[in-house]
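Working notes, beginning with the structure itself.
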Amino acid sequence: MNLQSNSTKDMKFKGNQDILQEIGNAWEYIGRVEKAAQKILNENNPVLESIGFAWVHMMNAYIEIEDNLAQGSGNKLEPKTLAQIIDVLTRIKWTGPKNWHELVEAYQKVVREVAKFNGIFYDTIADACTRRLRLNKKDDFGRDDFLELVEKWLVGEPGPLKLVLKAHCNTPEHRIIDDFFQKKGGFREKY
């Protein structure tokens, strides 16, 4: 019995970037499955937890492969960029969004505020929260990917967001990230 589908058997890669792209596609697909499953299953269903676990593992695989490909390129966030992202997260948290629509509005408002505070363009801050974190695979330029991580963090699941930030920072900045996430005050139970 042949367990491989024709599409898997016929999959050919030209190089590492092709493999990375396919892992990214799988990561996105699992994220879509998780969102669809959330609509039909109650939040305590163990299937949702398993899907979320798979999503985090695919994200980690993508980041690990990407890091291996970029070794030596020095393509990590600078401390000031990390500080700007943390400022965005802090301001979003304190706006207290209660649903997806409010989260999107808060993000847009906060990115403008952080840009103005730092005397830089809106796009520079938005880029730090998306492309610089390698969250720009979708048509929304990564905004929804970033906000999905923020949403998980706001309801008490900081792991995926923390992993993404650490994966794009040098080791000395990991302490800053850990310190930020250890300040747990103000989390809501759920939207």
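The values are calculated or read from the model by the stated rules, or taken from the named source; none is laboratory data. Bear in mind the structure is a predicted one, so any value in this text is a computation, not a measurement. In this analysis, Cβ positions are derived from the backbone assuming ideal geometry, glycine residues included, and neighbour counts consider all displayed protein chains.
State all residues of region 100-114 that are in contact (Cβ under 8 Å) with a residue 24 or more places away in the chain and within 18 Å of the chain's Cα centre (by Cα); if no residue qualifies, say none.
Pass one, region 100-114, residues in contact (Cβ under 8 Å) with a residue 24 or more places away in the chain: 100, 103-104, 107, 114.
Residues satisfying the conditions are TRP100, LEU103, VAL104, TYR107.
Quick check on region 80-89. Is at least one of its residues at pLDDT 75 or above, surrounded by fewer than 16 Cβ atoms within 10 Å (Cβ to Cβ) and either farther than 22 Å from ALA128 by Cβ or outside the structural domain of ASN118 (by TED's automatic domain parsing) (or both)?
no
Which numbered condition in (1) among the charged types (D, E, K, R); (2) more than 18 Å from the chain's Cα centre (by Cα); (3) at pLDDT 80 or above is the only one that LYS76 fails?
In the conditions (1) among the charged types (D, E, K, R); (2) more than 18 Å from the chain's Cα centre (by Cα); (3) at pLDDT 80 or above, LYS76 misses (2) alone.
Residues being loosely packed, with under 10 Cβ neighbours inside 10 Å, modelled with pLDDT of 75 or more and not in a helix (DSSP H, G or I): count how many of those fall in region 1-45.
Number satisfying all stated conditions: 3.
Can you confirm whether region 53-73 contains a residue that is surrounded by fewer than 15 Cβ atoms within 10 Å (Cβ to Cβ), assigned to a loop (DSSP other than H, G, I, E, B), polar (S, T, N, Q) and modelled with pLDDT of 85 or more?
Taking every residue of region 53-73 in turn, none turns out to be surrounded by fewer than 15 Cβ atoms within 10 Å (Cβ to Cβ), assigned to a loop (DSSP other than H, G, I, E, B), polar (S, T, N, Q) and modelled with pLDDT of 85 or more.
Would you confirm, using the coordinates I've provided, whether VAL111 is buried (at least 19 other Cβ atoms within 10 Å of the Cβ) and outside any loop (DSSP other than H, G, I, E, B)? Spell out how you get there, then give the answer.
Details: buried (at least 19 other Cβ atoms within 10 Å of the Cβ): yes; outside any loop (DSSP other than H, G, I, E, B): yes.
So VAL111 fits the description; yes.
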